[in-house]
Amino acid sequence: MRKVKTLLLLTLIYTVVQSSQAQEKINFKFGKIAVQDFEHKVYTVDSSAAAVVLADVGQTEFVGNDKGWFSLEFKHYKRIHILTKNGYDIANVTIPIYQSGNMEEEVRSIKAVTYNLENGKIVETKLEKSGVFKEKMTKNHSFQKFTFPNIKEGSIVEYEYTLRSDFLFNLQPWEFQGAYPRLWSEYTVSMPEFFVYMPLVQGYIPFHIKESKGRSDNFLVRDSRGTSAADNYRFSAGVMDHRWVMKDVPALKEESFTSTLSNHLSKISFQLAEYRYPLEPKNVMATWGTAFQEMLQDENFGLPISGNNGWLGEYVNPVIDGATGQLEKARKIYYHLASTFTCTNHNGVYLRRPLKTIAKEKNGTVAELNLLLTAMLRYAGLHADPVLLSTRSNGFVYPYYPLVDKFNYVICHTHIDNVSYFLDGSWPLLGFGKLLPDCYNGHARLVTPAAEPLNFYPDKNME
């Protein structure tokens, strides 16, 4: 009987603790800064920190749009205390933006303010609209950037913005950890029952709060292409509010024998899996094979290397003249490209220009050079295919989900006399069949209809 009472007491205590944690909230509000907020010179989470993230809070909701479908609305708020000059880099903010065709995610309502304590009074310096600029990185990715004005030792900065996205597959991930310690990092996703996502959790720090609460909500979807009231769709559906919180998160720092920081970062990301009632039920998670079939038909990846490409004779025939076998042909083509072409960017997987332009100008990104290398080998009669991988600096790729956008690097594979060779023509002194250590980061994929998995582990680099 005593054991039963003890068990009941422990259960009650655990329930009360869990309930109190779930109700725990931060009380930061944009613009609410007090003089005492500047008193901290050292924080217990890391007494040597040059800057500390006081609060990092994100929230994603699904809302009906005027295109007859749904959009993602992501809101992000962050407050930081900059303690020394070594922490000034945290004042540079980058917001990733995804685009495809004529569609692009939209950043709305950016607010950013620097607070300094001068003569006992708080002085505000607001970010001007002219201080925000956009930088295009790849075919599908851009960044909106800004730097906080009037940064000093002891400054407190905060910003917030809203990101509206029509790309349902691009549910915003969340990093609970970074280069500076975080006192509070929280992410909430309000998931309607008619969308199913697979959460992908990484890292070693336990959640301070992890909860899910169900409720009912109303949705309104409009179709602006119509003119009648019948083009408005209203319905109710269940929603699950998922909340993840980490507290007093240490900075992620480089340590001995660490392959890359991003592989150990505490974060959560999502993969869209299926639609459910009241939508038309549909499994939307592609397989590796179907994902790569699309890439092979993409005019910025597979199509340019699959055609006849007779124009390549001008570049390839003089190079392989006199070669007596396939291996000699491959080596001649590889060393010609690696020694005479310049790589402009060692990141990315798609072409930005036609192969003919790249061949003529003798420069290109790692993807452009190695796709050109693939096309040149094929023209010479060799078996060659591109390979997608993720470098150590980019982080691991999940082998079970076809997340093509997680890859950031393209190399070339050729198979000669029952031997596989992996080639990277973007480094002039690398050598035939050699890859940089940064490429040995686990899972990779051969871009063929079969989507054969490959494993580039660090110990392979020793062979």
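The values are calculated or read from the model by the stated rules, or taken from the named source; none is laboratory data. Here the structure is a predicted model, which means the values were calculated and not measured. Don't worry about glycine lacking a Cβ; one is built from the backbone with ideal geometry, like all the others, and counts go over all protein chains shown. These area figures cover heavy atoms from the full protein model, side chains too; ligands, DNA and RNA do not enter into them. Shrake-Rupley method; radii C 1.70, N 1.55, O 1.52, S 1.80 Å.
Here His336 sits with roughly 50 square angstrom of accessible surface, probe radius 1.4 Å.
Only DSSP H runs of four or more residues enter the estimate; each adds -39500 (n - 2.57), and after division by the residues of the chain the mean residue ellipticity at 222 nm equals -5000 deg cm²/dmol. Classify segment 98-193 as rounded, prolate or oblate, taking a ≥ b ≥ c as the square roots of the eigenvalues of its Cα gyration tensor: rounded when a/c is under 1.5, otherwise prolate if a/b is larger than b/c and oblate if not. Prolate, because a/c is 1.5 or more and a/b exceeds b/c.
Remark: the Thr290-Glu314 segment gains 5.2 nm on full extension, using 0.36 nm per residue and subtracting the alpha carbon distance. As an exercise, use a Förster radius of 56 Å and the Cβ-Cβ distance of Asn218 and Leu436 to find the FRET efficiency, rounded to the nearest 0.05. The formula returns an efficiency of 0.55 here.
Label-to-label distance for Lys129 and Lys356 is 4.4 nm, based on points extended 7 Å past Cα in the beta-carbon direction. Measuring nothing but protein heavy atoms, the accessible surface of the chain at 1.4 Å probe radius is 52 percent carbon and sulfur. Rounded, prolate or oblate: pick one for segment 412-463, where a ≥ b ≥ c are the square roots of the eigenvalues of its C-alpha gyration tensor, a/c under 1.5 means rounded, and failing that, prolate if a/b is larger than b/c, else oblate. Since a/c reaches 1.5 but b/c is at least a/b, the shape of segment 412-463 is classed as oblate.
Under the classification rounded if a/c is under 1.5, otherwise prolate if a/b is larger than b/c and oblate if not, where does segment 304-386 fall, given a ≥ b ≥ c as square roots of the Cα gyration tensor eigenvalues? In terms of gyration-tensor shape, prolate.
Model label points for Lys136 and Ala34, set 7 angstrom from Cα along the Cα-to-Cβ axis, are 4.9 nm apart. Its alpha carbons considered, segment 350-463 gives a radius of gyration followed by a Dmax of 13.8, 39 Å. The charge dipole of segment 34-150, taken about its Cα centre with unit charges on the Cβ atoms of Lys, Arg (+1), Asp and Glu (-1) only, comes to about 240 debye. Assuming charge only on the beta carbon of Lys and Arg (+1) and of Asp and Glu (-1), the dipole of segment 340-389 about its Cα centre is about 180 debye to the nearest 20. Cβ under 14 Å from Ile97's Cβ, Ile97 left aside: what net charge do those residues give with Lys, Arg +1 and Asp, Glu -1? So the environment of Ile97 carries a net charge of 0. This structure gives mean projected area of the Cα convex hull in nm², computed directly, and of (i) 30.9; (ii) 29.8; (iii) 24.3 that value is listed as (i). The residues of the chain expose on average 52 square angstrom of accessible surface per residue, using a 1.4 Å probe on protein heavy atoms. Note on Ala273 and Glu24: the extension gain reaches 86.5 nm, defined as 0.36 nm multiplied by sequence separation minus the Cα-Cα distance.
Would you please give the FRET efficiency between Leu303 and Lys210, computed as 1/(1 + (r/R0)^6) with r the Cβ-Cβ distance and R0 = 45 Å, to the nearest 0.05? For Leu303 and Lys210, the calculated efficiency is 0.50. Label point 7 Å out from Tyr400 along Cα-to-Cβ: which residues of segment 168-212 have amide N under 12 Å? Output list for this probe position: 198-201. Inter-part distance, segment 374-405 to segment 158-178, computed on C-alpha centroids, equals 27 Å. The value of relative contact order for segment 325-376, using C-alpha pairs under 8 Å at least six residues apart, is 39 percent.
In this rough spin-label picture, where each label sits 7 Å from Cα along the Cβ direction, the Asp417-Gln99 distance is 4.9 nm.
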